[in-house]
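Visitor: Take this structure first; my questions come after.
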Amino acid sequence: MGTDNVVFLEVIEWFDETGKELIHRIPEKGSGEIKWGAQFIIRESQAGVLFYKGKACDVFGPGRHTLQTGNIPILTKILAIPWAMTSPLRAEAYIINMKVFPNLKWGTREPVAFKDSELGLIRIRAYGVFNIQVVQPILFINTLVGTMGTFDTGEIEDYLKRVIVSRFNDHLGEHLDSILNLPGTYEDLSAGLQKKLADDLGHFGLALTNLYITSITPPPEVQEAIDDRGRLNVIQDLDRLVKLKAAMAMEKAAENQGEAGAGMGMGMGFMMPAMFADAFRPRTGPSEGAPSQDIRCPDCGLPVSREAKFCPHCGHQQVVFDQCVNCGKNLPPHARFCPRCGHLADEKPAVRTCPHCNAENLPGSSFCNQCGERL
Ligand SMILES: [Zn+2]
Ligand SMILES: [Zn+2]
Ligand SMILES: [Zn+2]
């Protein structure tokens, strides 16, 4: 370790013994002085990104790379004068774990507000599991890590969970009129949410390979009301009531079982047995999720080879540096404006303040998590 937090780097590599870290910065703090000809060693299912003056210069796939200006074309552009042997380059490196991170749990920390057409404003909890994988390392760093100013896996996961909860809330607001109709629409809701979030997390350079809702739980008053038919004159439809009661009976059973329910750290709520079985069945086949080997062009969706820098079908760059927050177009490295809509390229997505209750919601939210009103 050098003084004033400068680390001299001749060999840059990282091996994650825990298998749980998404991203690692080298050096962990401060900046590094990277020598001309330094070795950047990237293992299988890793990607390395070199950062100079807060900008991503290039991404490196598995292998041993000798760092010289000639093989970092974007860096050469930024530097104007070529990086010489005499002066090390003050920069940072990031190594990203590109494997699938399976069975991460998401859930509402605070119950979210939902405007129910029959029960009025209620607060519900929801839990589920999801799998993610970084597919665009530079986009991932520029959007998520850049926005949050952190590269701590725990904080990134927490943020993703907040995104999921917020989108879940939006999705319910758009596709469910009353929680009383939940039993019949559960599978559609789950599939719809997965699709919506796959799109959304794509803007962070992430593939959402699976997402499940394992439970949606209304507050105890609503559950009690459903138990007590006399008080619940809103439910005229006996069939719906029977289904609801069955779903809640399952929840109680799960609670009583202790281990099975508690082990997952969640109430079972309106858990549907078929959905649940589905969530833990190992997935096969290319139609489910995105296996890492199957690389597709982010623009036209046709398969491309792992090494390709440009798509052979449409010519689109394969490494995505950034996306326009306005129209979602993939931006070329260091663009100042979006070539499609003219929006400023380095603008960050804005938090959405609710006009009804002033609560802050995540960028892109359409329903307020606090009061359930449409934003
Ligand atoms: Zn293409
Ligand atoms: Zn645009
Ligand atoms: Zn609000």
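The values are calculated or read from the model by the stated rules, or taken from the named source; none is laboratory data. All of these numbers come straight from a predicted model, not from anything done at the bench. FYI the Cβ positions are ideal-geometry reconstructions off the backbone, even for glycines, and counts take in every protein chain you see.
Visitor: Anything in region 329-354 that is surrounded by 13 or more Cβ atoms within 10 Å (Cβ to Cβ) and near ligand 2 (Cβ under 7 Å from one of its atoms)? List them, or say none.
Guide: Hits for region 329-354 are Lys329, Cys338, Arg340, His343.
Visitor: Answer yes or no: is there a residue in region 318-325 that is near ligand 1 (Cβ under 10 Å from one of its atoms) and either of a type in the set (D, E, K, R) or at negative phi (or both).
Guide: Yes, the conditions are met somewhere in region 318-325.
Visitor: List every residue pair whose Cβ atoms sit under 8 Å apart, with the two residues 6 or more apart in sequence or on different chains, where the first one lies in region 291-309 and is of a type in the set (Asp, Glu) and within 16 Å of ligand 2 (Cβ to nearest atom) and the second, anywhere, is modelled with pLDDT of 75 or more and in a loop (DSSP other than H, G, I, E, B).
Guide: From residues that are of a type in the set (Asp, Glu) and within 16 Å of ligand 2 (Cβ to nearest atom), the pairs are Asp299/Cys311; Asp299/Cys314; Asp299/His316.
This table checks each residue for (1) under 23 Å from Pro363 (Cβ atoms); (2) surrounded by fewer than 21 Cβ atoms within 10 Å (Cβ to Cβ); (3) in contact with a Cys (Cβ under 6 Å, 6 or more places away or on another chain); (4) free of Cβ contacts under 8 Å to residues at least 40 places away in the same chain.
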position	(1), (2), (3), (4)
Asp170	yes, no, no, no
Thr185	no, yes, no, yes
Lys195	yes, yes, no, yes
Phe204	yes, no, no, no
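Visitor: Collect the residues in region 9-24 that are within 14 Å of Gly48 (Cβ to Cβ), more than 25 Å from the chain's Cα centre (by Cα) and at pLDDT below 90, keeping them in residue-number order.
Guide: Hit for region 9-24 is Leu9, nothing else.
Visitor: For the list (1) within 16 Å of ligand 3 (Cβ to nearest atom); (2) at pLDDT 90 or above, I need the number of the one condition that Cys341 fails.
Guide: The single condition Cys341 does not satisfy is (1).
Visitor: Turning to a different aspect of this structure: Collect the residues in region 105-121 that are farther than 11 Å from Ile216 by Cβ and either in a strand (DSSP E or B) or aromatic (Phe, Trp, Tyr) (or both), keeping them in residue-number order.
Guide: If the condition is that a residue be farther than 11 Å from Ile216 by Cβ and either in a strand (DSSP E or B) or aromatic (Phe, Trp, Tyr) (or both), then Lys105, Trp106, Ala113, Lys115, Asp116, Gly120, Leu121 are the ones that fit.
Visitor: Next question, about the same structure. I want to confirm something. Restricting to region 355-373 and keeping residues that are in a strand (DSSP E or B) and surrounded by 15 or more Cβ atoms within 10 Å (Cβ to Cβ), which single residue is farthest from ligand 2 (Cβ to nearest atom)?
Guide: Checking each candidate, the answer is Phe367.
Visitor: Could I ask something else about it? Residues in region 171-214 that are within 28 Å of Leu139 (Cβ to Cβ), out of contact with any Lys or Arg (no Cβ under 8 Å at 6 or more places or on another chain) and in a helix (DSSP H, G or I): how many?
Guide: 10
Visitor: Continuing with this model, one more query. If we scan region 328-339, do we find a residue that is in contact with a helix residue (DSSP H, G or I) (Cβ under 7 Å, 6 or more places away or on another chain), away from ligand 1 (no atom under 16 Å from the Cβ) and part of a loop (DSSP other than H, G, I, E, B)?
Guide: yes
Visitor: Within region 1-51, track down each residue that is touching a Leu at 6+ places or on another chain (Cβ under 6 Å) and without any contact (Cβ under 8 Å) to a residue 40 or more places away in the chain.
Guide: Passing the criteria: only Ala38.
Visitor: Mind checking which residues of region 146-170 are assigned to a helix (DSSP H, G or I) and over 22 Å from Gly107 (Cα atoms)?
Guide: Gly146, Thr147 - these are the residues of region 146-170 that are assigned to a helix (DSSP H, G or I) and over 22 Å from Gly107 (Cα atoms).
Visitor: Which residue pairs have Cβ atoms closer than 7 Å, lie 6 or more positions apart in sequence or on different chains, and pair a first residue in region 343-361 that is without any contact (Cβ under 8 Å) to a residue 12 or more places away in the chain with a second residue that is more than 8 Å from ligand 3 (Cβ to nearest atom) and not acidic (Asp, Glu)?
Guide: Correct list of pairs: Leu344/Phe337; Glu360/Val351; Glu360/Thr353.
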